[in-house]
Amino acid sequence: MIRTKTTKKINDNVEIKEETYSPEIDYSDRIIGDLNGAEAGPTVIALAGIHGNEPTGIEAIRHIIEKLESKKGAFKGRFLGLIGNIEALQQRKRFIDEDMNRIWFTSILDKIRRTPISELKTAERRETKKLLEIIDPIILNEDQEQPVILVDLHSFSAESGLFVISTRDEENIELLAQLRVPLIFGIEKALHGTALKYIQNTGNIGFAFETGQHFSENAEDNASAGILCLLVAAGCISASSIEDFTRYYDYLSKQTQTLPHKVEFLYKHIIEPEDNFEMRPGFKNFDKVEKGQWLANDRHGKILAQRDGFILMPLYQQQGEDGFFIVEESE
Ligand SMILES: [Zn+2]
């Protein structure tokens, strides 16, 4: 259910209070739910928790599947909800051995498919193998007549904001524009081996939905509203079949009304081992920054903004190699 309560405030040194979000989540089954409509239609796959410290999407998927269970007769196509990195989720860590959202290169995935699970060296490759066993028959099915859309749900360590990371493919833009969530283009130039890029390369529609702060109820609600709006936008179900659809739609619009509609990637701060990177406190997604502004520190001193723009995904957690992104408004 969409709550009226907003994200709990984080304290001054931007430490995330994980205990504020601790639903009893059972991660044992990778398939959260699989809703099959009465008529043919698109297949929408929602993937959550590819990063183990990002469980909010799982509850959101569960909520939407329960909500639509009684509306199967009006549903066209399929909605499949999947869990990504079960082992990391159990440990509430971004990853165990390697980042599961940086290994989706065609050749690495091919190797993962060919290697027996007992011989795979990292937890993430084992998780990916099990996930591919479920999605390969859908993603790689060339006889598929209906569109396949994969939304990869994420959250972030900074406070507030939500956005979608997409390619500039026209069908993506057309679909995503209906969600009224800021679209970020060009990040694929800076992030390699992501699930979204791989899905896009297979000829399907793939994008990442960054829904809010890790372990926050707000991130879960944004994900629920986003998924429901996506299913309507994709044509799986009509808005009129869902009595309280406007509540979800209005909620989502309200979250994004002050944010830019489309932005383009400009710059990424890369963290290298032993940099001791530390973001200065207080930065939120889409805060305006100016070239020369003091944003962070590392062992060599101050890190200044190299460009004017909006800051995105400032890093307030230990794991991760992307310190922050700078984006600019685009057409
Ligand atoms: Zn993530």
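Considering every alpha-carbon pair of region 233-272, the percent of pairs per 10 Å bin, from zero through the bin containing the longest distance, is 21, 31, 26, 15, 7, 0. Translational diffusion of region 76-132, estimated by Stokes-Einstein from the Kirkwood radius over alpha carbon pairs at 37 °C in a medium of 0.692 mPa s, is 271 µm² per second. The accessible surface of the chain, taken with every protein chain in place and a 1.4 Å probe, is 46 percent carbon and sulfur.
I want the local charge near TRP104. Using Cβ-Cβ distances under 13 Å, sum +1 for each Lys or Arg and -1 for each Asp or Glu among the other residues. Don't skip to the answer; put the middle values down first.
Details: positive: ARG102, LYS111, ARG113, ARG125, LYS129, LYS197; negative: GLU98, ASP99, ASP110, GLU124, GLU127, ASP136, ASP152, GLU188.
That sum, taken over residues with Cβ under 13 Å, equals -2.
Build a GNM of the chain with springs between Cα atoms under 10 Å apart, and of ASP152, ASP308, ASP221 the one that fluctuates most is ASP308.
Which peptide among 104-117, 263-276 comes first, and what is the full order, when sorted by highest mean count of other Cβ atoms within 10 Å? Don't jump to the answer; show the numbers that get you there.
Working: 104-117: 13.3, 263-276: 15.3.
Top of the packing list down: 263-276, 104-117.
Could you check how many percent of all C-alpha pairs in region 219-327 are farther apart than 19 Å? Percent of Cα pairs beyond 19 Å in region 219-327: 56.
Per residue, the average separation of C-alpha pairs within less than 8 Å and at least 6 apart gives region 277-331 a relative contact order of 34 percent.
A 26 angstrom limit on the alpha carbon distance is what I want to check against. Which of LYS67/LYS254; LYS93/LYS197; LYS72/LYS197; LYS189/LYS262; LYS93/LYS288 exceed it?
Details: LYS67/LYS254 22 Å; LYS93/LYS197 23 Å; LYS72/LYS197 31 Å; LYS189/LYS262 17 Å; LYS93/LYS288 30 Å.
Violating the 26 Å limit, Cα to Cα: LYS72/LYS197; LYS93/LYS288.
Sorting 161-168, 285-292 by average packing, meaning the other beta carbons within 10 Å per residue, from highest down gives 161-168, 285-292.
For region 18-256, what is the relative contact order in percent, using Cα pairs closer than 8 Å and at least 6 residues apart in sequence? All intermediate terms of the calculation are to be shown ahead of the outcome.
Working: 476 pairs, mean separation 60.1, N = 239.
RCO, region 18-256: 25 percent.
The Cβ shell under 14 Å around LYS67 holds other residues with a net charge of -3, Lys and Arg each +1, Asp and Glu each -1. Taking only the C-alpha atoms of region 67-107, the Rg (one decimal) and the largest Cα-Cα distance, Dmax (whole number), read 16.2, 43 Å. Rg then Dmax, both in Å and based on the Cα atoms of the chain: 19.1, 61. When only Cα pairs below 8 angstrom with a gap of at least 6 residues are kept, region 226-331 shows a relative contact order of 28 percent.
Per-residue counts of other Cβ atoms within 10 Å, averaged by peptide: what ranking do you get for 33-39, 203-209, highest first?
On the way: 33-39: 14.9, 203-209: 22.4.
Sorting 33-39, 203-209 by mean packing, highest first, produces 203-209, 33-39.
Could you please tell me the mean projected area of the C-alpha convex hull for region 174-268, averaged over all directions and given in square nanometres to one decimal?
Numbers: hull surface 28.6 nm².
Answer in nm², one decimal: 7.2.
Distant-in-sequence amide contacts of TYR267, defined by a placed amide H-H separation under 5 Å and a gap of 5 or more residues or a different chain, comprise ILE326. For the chain, the solvent-accessible area with a 1.4 angstrom probe is 45 square angstrom per residue.
The modelled label-to-label distance between SER241 and GLN91, using points 7 Å beyond Cα along the C-beta direction, is 4.2 nm. Here's the list of aspartates and glutamates a cross-link from LYS111 could span, going by alpha-carbon distance under 13 Å and ignoring same-chain residues fewer than 8 apart: GLU119.
Which value at 222 nm does the chain reach when only helices count, each DSSP H run of 4 or more adding -39,500 (n - 2.57), with the total divided by all residues and rounded to the nearest 500 deg cm²/dmol?
Details: 8 runs with 89 residues, N = 331.
It comes out at -8000 deg cm²/dmol, rounded to the nearest 500.
The shape of region 265-329 comes out prolate: with a ≥ b ≥ c from the C-alpha gyration tensor, a/c is at least 1.5 and a/b beats b/c.
Considering only DSSP beta bridges where both residues belong to the chain, give the percentage that are antiparallel (nearest 5). Before the final figure, lay out the partial values.
Numbers: 26 of 53 bridges.
So the antiparallel bridges in the chain amount to around 50 percent.
The values are calculated or read from the model by the stated rules, or taken from the named source; none is laboratory data. Values in this document were obtained by computation on a predicted structure and should not be read as measured data. Reconstructed Cβ throughout: ideal geometry from the backbone, glycine too, with neighbour counts over all protein chains shown. Please note that ligands, DNA and RNA were not included when accessible areas were found on the heavy atoms of the full protein model with its side chains. Shrake-Rupley method; radii C 1.70, N 1.55, O 1.52, S 1.80 Å.
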